[in-house]
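What follows is a set of notes on a single structure, which appears directly below.
Nothing in this text is a laboratory measurement; each read-out follows from the coordinates by a stated rule. Keep in mind the model is a prediction, meaning the values are calculated, not measured. For neighbour counting, all protein chains shown are included, and Cβ atoms are generated from backbone atoms with ideal geometry for every residue, glycine included.
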Amino acid sequence: MPVRYSPSTGFFYPVNIEYQDIPSDVFEVSEADHLAAHTARASGGSFKFVKGALRITPAPAIPYGQVCAVYLNTVRARRDGILNRLAGIGFAAMASGDAATAQAIATARTCLLDITICPTVVAAQDMDALQAAVSAEFQRIADALPQEARRAFDDAGNTQ
């Protein structure tokens, strides 16, 4: 269906509809340009027609700080699940007199509480580096635990 566009209003006007007042700057655009312009708007981008040619400006990238904050919230949620599991395993180790396991769990809990502020995580400058740093840190903490305590990570699905 042929469509017209008005830069002054930013609206599209289908030609099959009679308008009482239509801007004087309307011009016809192709169906492909019409669809592309709506797609650009829907994705947060913008568009304009320059001498009849569609120019699309993509949506700005979400700043790393915002993406990082959301990701670290998911890390904290995973960490909380592991901490809860470790607490139960640690209490069982203390009750059975296994001081080595109880101490290893106490150390792991401290590391887990600091996982979002450890140097490798803080040093990450993009999402790939951040995810790799968090995964490596989870793995390092799990590897330092006795096999019995690693269940906390396995149960939470946090080790490879």
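Just to confirm the number: angle between the C-alpha axis of helix 147-156 and the first principal axis of the chain, 0 to 90 degrees, nearest 10?
The helix 147-156 is inclined about 20 degrees to the chain.
From the phi angles alone, apply the Karplus equation (6.51, -1.76, 1.60; θ = phi - 60°) to the stretch 49-66 and give each ³J(HN,Hα) in whole Hz, x where the residue is Gly or Pro.
9, 10, 6, x, 9, 6, 10, 10, 10, x, 4, x, 5, 6, x, 3, x, 6
According to the Kirkwood expression over distinct Cα-Cα pairs, how big is the hydrodynamic radius of the chain, in Å? Don't skip to the answer; put the middle values down first.
Numbers: mean 1/r = 0.0495 Å⁻¹.
Radius from the Kirkwood sum: 20.2 Å.
Rounded, prolate or oblate, given the Cα gyration tensor of the stretch 64-156, with a/c below 1.5 counting as rounded?
Values: a/c = 2.81, a/b = 2.36, b/c = 1.19.
It is prolate, given that a/c is not under 1.5 and a/b is the larger ratio.
Got a sec? How would 143, 114 order by Cβ neighbour count within 10 Å, fewest to most? Intermediate values should be presented prior to the final figure.
Numbers: 143 10, 114 14.
Starting with the residue having the fewest Cβ neighbours, the order is 143, 114.
Please compute the contact order of the stretch 1-150 in relative form: average sequence separation of alpha-carbon pairs under 8 Å and at least six residues apart, divided by the residue count, as a percent.
On the way: 142 pairs, mean separation 22.2, N = 150.
Relative contact order for the stretch 1-150 comes out at 15 percent.
Packing-wise, with mean Cβ within 10 Å as the measure, how do 79-92, 37-50 rank, highest first? Provide the component values of the computation, followed by the final result.
Details: 79-92: 17.4, 37-50: 13.5.
Peptide ranking by packing, descending: 79-92, 37-50.
Calculated from DSSP H runs of 4 or more alone, at -39500 (n - 2.57) each and per residue, what is the 222 nm mean residue ellipticity of the chain, nearest 500? Let's see the in-between values first.
On the way: 6 runs with 91 residues, N = 160.
Result for the chain: -18500 deg cm²/dmol, rounded to the nearest 500.
Kindly express, to the nearest 10 degrees and within the range 0 to 90, the angle between helix 99-113's C-alpha long axis and the longest C-alpha principal axis of the chain.
Long axis of 99-113 versus the principal axis of the chain: about 20 degrees.
With axes computed from alpha carbons, what is the tilt in degrees of helix 127-143 against the longest principal axis of the chain, rounded to the nearest 10 within 0 to 90?
Tilt of helix 127-143: around 20 degrees.
What shape does the stretch 3-57 take by its C-alpha gyration tensor, where a ≥ b ≥ c are the square roots of the eigenvalues and a/c under 1.5 counts as rounded, a/b above b/c as prolate, and the rest as oblate?
Working: a/c = 1.85, a/b = 1.68, b/c = 1.10.
It comes out prolate by the Cα gyration axes.
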